[in-house]
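The values are calculated or read from the model by the stated rules, or taken from the named source; none is laboratory data. Remember, predicted model here, so these are calculated numbers, not experimental data. Here the Cβ is made from the backbone with ideal geometry for all residues, glycine too, and neighbour counts use every protein chain on show. Accessible surface areas use protein heavy atoms only, side chains included; no ligands, DNA or RNA. Shrake-Rupley method; radii C 1.70, N 1.55, O 1.52, S 1.80 Å.
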Amino acid sequence: MNTSLATKITYTLLFLLTTFIMNAQKLSKAEKKIITSIENNHKSAILFLEKVVNINSGTMNHQGVKEVGMVFKEQFDAINFRTKWIEMPPEVNRSGHLFAETFGNKGKKILLIGHLDTVFEKDSPFQQFKVSGDIAYGPGTNDMKGGNVIVLYALKALYENNLLNDAQIIVAFTGDEESTGKPLDISRKDLIDSAKKSEIALGFETSTGFNYATVARRGSSSWSLEVKGKRAHSSGVFSEHTGAGAIFETSRILNSFYNEIKGEEFLTFNPGIILGGTNIKFDDETSKGDAFGKNNVVSQTVVTKGDLRFISEEQKERVRAEMKSIVKNNLPHTTAEITFKDSYPAMQPTAGNLKLLELLNEVSIDLDQGIVEAYDPGKRGAADTSFVAKYVDCLDGLGTMGTGAHTPEETLDLTTFEALTKRTAILIYRLINQ
Ligand SMILES: [Zn+2]
């Protein structure tokens, strides 16, 4: 070995050693204890996950959803949270929610959001938890019983080290995230009330990548366009007496939406179904319908149903106004009306959300887990955090890594499960010690 190579190796080793020591120093004594607890509890966390995945909790299996809630309830009781099961009234036709709370004044007041239900109902062939190598299979492993277990085991680690004393934390596990109970002011009341008592909300929906978190997600709403024309013989179409007909008018409107409104960042709108002719029938419940018309009759009626996704209330309102102004510019002898219905509000990329991301990023770097960046809001669907985003700073996508959510191939990556639990626990610890 020549001397310059030896020096190089010595320097490299020195560098590695210093980085190691620096990293080791980035975690406080208390934080190191949290990490040890999580490592000690890892096997038990996987067993617990298996237990809850094996209880079917499709949204409409009300009993199953509650049963999963009760299994979690017992665990939260054991770490000194005050728990309650909130039944939904019969008209909402959903199971209910589990809330768990610990009371205090220390640091930030935190709301942790999960959901107990899955898209796999009782008649689904996909019911069993299975592990093969580093992958766990099962309904809700990834979306999101895995995320709920991260919440529980992160808090458990804090509790075991007496680090939850005087903290104000609410855990909200809803029972109907996959198909929200209506009206929303009943089914989301408790979640929103909890947000109003909190300063920060963390959502544990499926992670979009180990090094990403969600600081914004688009809201969604629907629209319905109804156009009327004058029924007449087709030979008279375009005439002063007959006009354009409902189908040409609908085409004008949709074409103008496409040409004049499309293109803004994070904005999409999609007509999903259209029925037109002389007479039509459409059933909103089943999203099915019939149309009758003839090629020698000027069309009398057209109905189009679509969605609208947006990044802010401002964008939503502005685009709706633009759509309305296009809709009222009618072709001869036609009338048109568009109506809108709200569903999920948008979670906007606020300064507060970005600050939370910064904190998570620091935690991740201190754990040697790499940097965490903001995920593209255009690619993320709506979720429960959207309902609380207006009241608190939010971060979502803190749940498990996996694939195939909402399909019978749903998996959970077990190699990152423990790391993500550590990240969550340290984040919570730093928030309550700020
Ligand atoms: Zn989910």
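If the elastic network links every pair of Cα atoms under 10 Å, which of 310, 257, 417 fluctuates the most in the Gaussian network model of the chain?
257
Of 287, 332, 202, whose Cα points farthest to the positive end of the dipole of the chain (charges on the beta-carbon: +1 Lys, Arg; -1 Asp, Glu; origin at the Cα centre)?
Towards the positive end, the residue furthest out is 332.
Summing Lys, Arg as +1 and Asp, Glu as -1, what charge do residues with Cβ under 15 Å from the Cβ of residue 233 carry, residue 233 excluded?
On the way: positive: 230, 231, 294; negative: 240.
Net charge in that neighbourhood comes out at +2.
Tell me, how many Å apart are the Cα centres for segment 357-434 and for segment 140-189?
Their Cα centres are 13 Å away from one another.
In whole Hz, with x marking every Gly and Pro, tabulate ³J(HN,Hα) for segment 51-68 from phi via Karplus 6.51 cos²θ - 1.76 cosθ + 1.60, θ = phi - 60°.
4, 6, 5, 6, 9, 5, 9, x, 3, 8, 8, 4, 5, x, 4, 5, 4, 4
For residue 393, what charge total do you get from the other residues with a beta carbon under 13 Å from its beta carbon, if Lys and Arg give +1 and Asp and Glu give -1? Mind dumping the intermediate values first?
On the way: positive: 108, 109, 355, 390; negative: 199, 358, 396.
For residues surrounding residue 393, the net value is +1.
What does DSSP give for the chain in terms of the percent of beta bridges that are antiparallel, rounded to the nearest 5?
75 percent
Expressed as an acute angle from 0 to 90° and rounded to the nearest 10, what is the orientation of the C-alpha long axis of helix 3-26 relative to the principal long axis of the chain?
Once rounded, the angle reads 70 degrees.
Looking only at 47, 158, 398, which one moves most when the chain is put into a Gaussian network model with springs between Cα atoms under 10 Å?
47
Per-residue HN-Hα couplings for segment 378-390, Karplus 6.51 cos²θ - 1.76 cosθ + 1.60 at θ = phi - 60°, whole Hz, x for Gly and Pro?
x, 9, 9, x, 7, 7, 4, 4, 4, 5, 10, 4, 5
Lys and Arg at +1, Asp and Glu at -1: add these up for the other residues within a Cβ distance under 12 Å of residue 419 and post the number.
It works out to a net charge of -2.
If you line up the long axis of helix 313-327 against the longest principal axis of the chain, both from Cα atoms, how many degrees apart are they, to the nearest 10?
Tilt of helix 313-327: around 10 degrees.
Mean residue ellipticity at 222 nm from the helices of the chain, using -39,500 (n - 2.57) per DSSP H segment of n ≥ 4 over the full residue count, to the nearest 500 deg cm²/dmol?
-12000 deg cm²/dmol
Near the amide H of residue 101, under 5 Å away, which other amide H atoms are found, from residues 5 or more places off or on another chain, if H is placed in the peptide plane?
82, 83, 171
Kindly express, to the nearest 10 degrees and within the range 0 to 90, the angle between helix 414-432's C-alpha long axis and the longest C-alpha principal axis of the chain.
Once rounded, one gets 80 degrees.
Quick one: work out Rg over Rh on the C-alpha atoms of the chain, Rh as Kirkwood radius.
With Rg and the Kirkwood Rh in hand, the quotient comes to 1.10.
Per residue, how much accessible area does the chain show when a 1.4 Å probe rolls over the protein heavy atoms, in square angstrom?
Ligands and nucleic acids excluded, the figure is 47 Å² per residue.
For segment 182-242, what does the equivalent ellipsoid look like in terms of its semi-axes, each the square root of 5 times an eigenvalue of the Cα gyration tensor, given largest first in whole Å?
Equivalent ellipsoid of segment 182-242: 51, 19, 9 Å, largest first.
If you place +1 on the Cβ of every Lys and Arg, -1 on the Cβ of every Asp and Glu, and leave all else neutral, what size is the dipole of segment 146-256 about its Cα centre, to the nearest 20 Debye?
Values: 12 positive and 13 negative charges, 105 e Å.
That gives a dipole near 500 debye.
What Rg and what Dmax come out for segment 238-342 when only alpha-carbon atoms are used, in angstroms?
14.9, 45
Give me the percent of accessible area attributable to carbon and sulfur for the chain, probe 1.4 angstrom. Don't skip to the answer; put the middle values down first.
Numbers: 10750 of 20370 Å².
Carbon with sulfur: 53 percent of the solvent-accessible area.
In sequence order, what are the phi-derived ³J(HN,Hα) couplings for segment 178-194 according to the Karplus relation 6.51 cos²θ - 1.76 cosθ + 1.60 with θ = phi - 60°, rounded to whole Hz, with x for glycine and proline?
6, 8, 4, x, 10, x, 5, 5, 8, 5, 10, 4, 5, 5, 5, 4, 5
Dipole magnitude of segment 220-344 about its Cα centre, charges +1 at Lys/Arg Cβ and -1 at Asp/Glu Cβ only, in debye to the nearest 20?
460 debye
Using a 1.4 angstrom probe with every protein chain in place, what is the largest-first accessible-area order of 316, 182?
182, 316
With charges only on Cβ, +1 for K and R and -1 for D and E, what is the dipole size of the chain about its Cα centre, in debye, rounded to 20?
Details: 49 positive and 54 negative charges, 96 e Å.
Taking the Cα centre of the chain as origin, the dipole is about 460 debye.
Which chymotrypsin sites (Phe, Trp or Tyr not before Pro) in segment 96-142 sit in a loop by DSSP (not H, G, I, E or B) and have at most 13 other Cβ atoms within 10 Å of their own Cβ?
When the chymotrypsin sites (Phe, Trp or Tyr not before Pro) of segment 96-142 are filtered for loop state and at most 13 Cβ neighbours within 10 Å, 103 remain.
Once Lys and Arg get +1 and Asp and Glu get -1 on their Cβ, which of 388, 93, 80 lies farthest toward the positive end of the dipole of the chain?
Highest projection toward the positive end goes to 388.
Charges on Cβ only, +1 for Lys and Arg, -1 for Asp and Glu, centred on the Cα centroid of the chain; of 133, 47, 269, which one is farthest towards the dipole's positive end?
269
For the chain, modelled as a GNM with alpha-carbon contacts under 10 angstrom, which of 147, 289, 138 fluctuates the most?
Looking only at 147, 289, 138, the largest GNM fluctuation is found for 289.
Would you grab the residues whose amide H sits under 5 Å from the one on residue 131? Only those 5+ places off in sequence or on another chain, please, with H modelled 1.01 Å from N.
The answer is 137.
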